[in-house]
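Bear in mind that the values in this text are calculations on the coordinates, not laboratory data. Note that this is a predicted model, so its numbers are computed, not measured. Positions of Cβ are backbone-derived with ideal geometry, glycine not excepted, and every protein chain shown enters the neighbour counts.
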């Protein structure tokens, strides 16, 4: 049986910045594609709708912030509510994936990059989204 090739958009939801990455199940190559600088709410949803139209993913992966003991807190609840909004907006499959340590991984990737603090801050969220999607694809 032939495996269906899917294109994924990963979202690392933040309070002020939301990181984005794209990848697919054929190559498992993931690319950070940028950050949306908007608080949770209508402005973020409008910006995401534009990204979804431009990139046409088949499925969406959203980072789920779990505590180190696997429990969920207030941030997890906010992500689950956001995921419902995205599901209604897109009618596409939504996957919630553990995002623990992805910001740490993004920072580690940039540590020796020679970038300034401001440049690293601008890239951190999209690299975290890429780390979420890479982990999700590895787990498939």
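Note on residue 88 and residue 45: their simple-model spin labels are 0.6 nm apart, each label 7 Å out from Cα toward Cβ. The slack between residue 16 and residue 76, meaning 0.36 nm per residue of separation minus the straight C-alpha distance, is 20.0 nm.
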